[in-house]
């Protein structure tokens, strides 16, 4: 879980295109103003898979991972293993 936490905490709020298991996902990450709550939603582009989770960083307690209607291991594997696509910029 330590690798998951380190990687997830490095992702800034925003929209990203990522690859995971030879599939492409549109991924949105939201970080609360106080940085204690993080939300990730990823949807397979052209497919039906999705990843959804909330992470709560509670003062004096272990981080609380709340996957949304899926096994925790699925969200941990996704965060640990996805590859981020380069951001596209407009000229």
Of (1) surrounded by 13 or more Cβ atoms within 10 Å (Cβ to Cβ); (2) assigned to a strand (DSSP E or B); (3) under 10 Å from the mean Cα position of the chain (by Cα), residue 30 fails just (1)
If you scan segment 64-86, which residues turn out to be in a loop (DSSP other than H, G, I, E, B) and free of Cβ contacts under 8 Å to residues at least 60 places away in the same chain? 68, 69, 70, 71, 86
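Condition check ((1) farther than 15 Å from residue 63 by Cα; (2) in a loop (DSSP other than H, G, I, E, B); (3) at pLDDT 95 or above; (4) touching a helix residue (DSSP H, G or I) at 6+ places or on another chain (Cβ under 9 Å)) across all residues:
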position	(1), (2), (3), (4)
9	no, no, yes, no
24	yes, no, yes, no
38	no, no, yes, yes
42	yes, no, yes, yes
Please find, within segment 2-20, the residue that is nearest to the chain's Cα centre (by Cα) out of those that are within 14 Å of residue 76 (Cβ to Cβ) and in contact (Cβ under 8 Å) with a residue 40 or more places away in the chain. 8
Residues of segment 33-91 satisfying the condition of being within 14 Å of residue 1 (Cβ to Cβ), in contact with a strand residue (DSSP E or B) (Cβ under 6 Å, 6 or more places away or on another chain) and surrounded by 16 or more Cβ atoms within 10 Å (Cβ to Cβ): 53, 55, 65, 67, 75, 78
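The values are calculated or read from the model by the stated rules, or taken from the named source; none is laboratory data. Note that this is a predicted model, so its numbers are computed, not measured. Cβ atoms come from the backbone with ideal geometry, glycine included; neighbour counts cover every protein chain shown.
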